[in-house]
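For reference, the structure is listed below as structure tokens.
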Amino acid sequence: MKKVTYRTPDELKLLTNKTWQETSAFVKKLKKKKPKNLDDTVHELHVEAFATFNCLDCANCCKTIGPRLIDKDIERLAKHLKMKVSDFTDQYILTDEDGDYVFKDHPCPFLLPDNYCMVYENRPRACREYPHTDRKRFYQILPLSHKNCETCPVVHEVFEELKLRNW
Ligand code: SF4
Ligand code: SF4
């Protein structure tokens, strides 16, 4: 696998758009085929990628998309900041057009200038799980992950490598 290098969201969007149709056809094929070794392959690529790339050199996800939050995330974050849940919600949360709780602002209000997360031990579940390249049944989130190529340099590289494999 090629070494992951940092790219801005604008650069990633351009690259992803250039190959959108080709990658969409590939995603469709994999979704239909559900290869047995897909999870193992993606997990290996995930480990390889993060062995050479540090999220602290990036933070694109924290800067541009932010997590969806569940009630437990909000309670945990409010407790971490020693705030009442209602005050925390008023200050930081809004409900988006899909009815999901999200942070009001981007970059995330808890992202520090050096790309560290101010609430790391109590960060939302979605932040822990992103970019999902280590989860099971990867075929279920192929279209979502294709979209994530616009944000995450690791996902972008994982997809580029996946397309080179013989499926
Ligand atoms: S809570 Fe932390 S990990 Fe999650 S988006 Fe904000 S800065 Fe990033
Ligand atoms: S998960 Fe991806 S987008 Fe987020 S900081 Fe790490 S490499 Fe960047």
How large is Rg/Rh for region 68-129, to two decimals, with Cα atoms and a Kirkwood Rh? 0.93
Reachable lysines from Lys18, criterion Cα separation under 18 angstrom, eight or more residues apart if same chain: Lys28, Lys147, Lys163
To check my understanding: the extent here is largest minus smallest coordinate of the Cα atoms along each principal axis. What are those three numbers for region 8-57, in Å, largest first? 35, 26, 10
Tally Lys and Arg at +1 and Asp and Glu at -1 over the other residues with C-beta under 14 Å from the C-beta of Thr16: what net charge comes out? -1
Residue ranges of DSSP H helices in the chain that stretch 18 Å or more (Cα, own long axis) and have mean Kyte-Doolittle hydropathy of at least 0.0 are 38-52
What is the sum of charges, Lys and Arg at +1 and Asp and Glu at -1, for the other residues whose Cβ falls under 12 Å from the Cβ of Cys108? +2
Can you give the net charge of the other residues whose Cβ lies under 15 Å from the Cβ of Tyr92, counting K and R as +1 and D and E as -1? -1
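Just the Kirkwood number for region 45-167, please: inverse of mean 1/r across all distinct Cα pairs, in Å, one decimal. Kindly include the intermediate steps, with their values, before the conclusion.
Details: mean 1/r = 0.0635 Å⁻¹.
Radius from the Kirkwood sum: 15.7 Å.
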Separation in nanometres of the label points that stand 7 Å from Cα toward Cβ, at Lys84 and Ile70: 2.7 nm
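No lab work stands behind these numbers, since they all come straight from the coordinates. The structure presented is a predicted model; accordingly, all values stated were derived computationally and were not measured. Note: ideal-geometry Cβ built from the backbone for every residue, glycine included; neighbour counts use all protein chains shown.
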